[in-house]
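Novice: Here it is, the structure, as structure tokens.
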Amino acid sequence: MEAFRKYCIPFTNKDTLWTEFQAIRQSENGRTKPIQQVANRIKQMQILLPKISNWQCYNQLLEAMDNGLLNKVRAQINEDMEWNEIVRLCEIHDSIQHKFRSGVHSNKPKNR
């Protein structure tokens, strides 16, 4: 029945899109995406499901963030801010974390 449902129910099914919206995460399969990419995906889903409010987008962004980033930006952002401003602040901290992670890995001594 499940295989049959995949062929009969269009991919724009609201339940499927809602589930996809709720599943957005910054880290998937061991890889961490830039927060801008996550924020863009959230807004894309809002276009597909117009009933998703800006408040829901804000909360999904918080849910999607890695804990380290969330801890750094939580005190600086709030749901009353403009989306672009929220994303800008998140990007600043996300890029710092990314540089730190990259720097830690590149400074490891090599085995000879």
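The values are calculated or read from the model by the stated rules, or taken from the named source; none is laboratory data. Keep in mind the model is a prediction, meaning the values are calculated, not measured. Here the Cβ positions follow ideal geometry from the backbone for every residue, glycine too, while neighbour counts run over all protein chains shown. Ligands, DNA and RNA are excluded from the accessible area calculation, which covers all protein heavy atoms including side chains. Shrake-Rupley method; radii C 1.70, N 1.55, O 1.52, S 1.80 Å.
Novice: Restricting to the stretch 70-90, what's the tally of residues that are closer than 13 Å to N54 by Cβ and of a type in the set (S, T, N, Q)?
Specialist: 2
Novice: When you scan the stretch 34-56, how many residues do you find that are open to solvent by less than 60 Å² (accessible area, probe 1.4 Å), over 21 Å from N78 (Cβ atoms) and in contact with a Lys or Arg (Cβ under 9 Å, 6 or more places away or on another chain)?
Specialist: Selection size over the stretch 34-56: 1.
Novice: Pull up the stretch 58-78, narrow it to residues that are outside any helix (DSSP H, G or I), surrounded by 14 or more Cβ atoms within 10 Å (Cβ to Cβ) and without any contact (Cβ under 8 Å) to a residue 40 or more places away in the chain, then point me to the one that is nearest to the chain's Cα centre (by Cα).
Specialist: M65
Novice: Would the stretch 49-57 turn up any residue that is in a helix (DSSP H, G or I) and polar (S, T, N, Q)?
Specialist: yes
Novice: I'm trying to understand the selection: among the residues of the stretch 19-33, which are surrounded by 17 or more Cβ atoms within 10 Å (Cβ to Cβ), more than 9 Å from the chain's Cα centre (by Cα) and not in a helix (DSSP H, G or I)?
Specialist: T32
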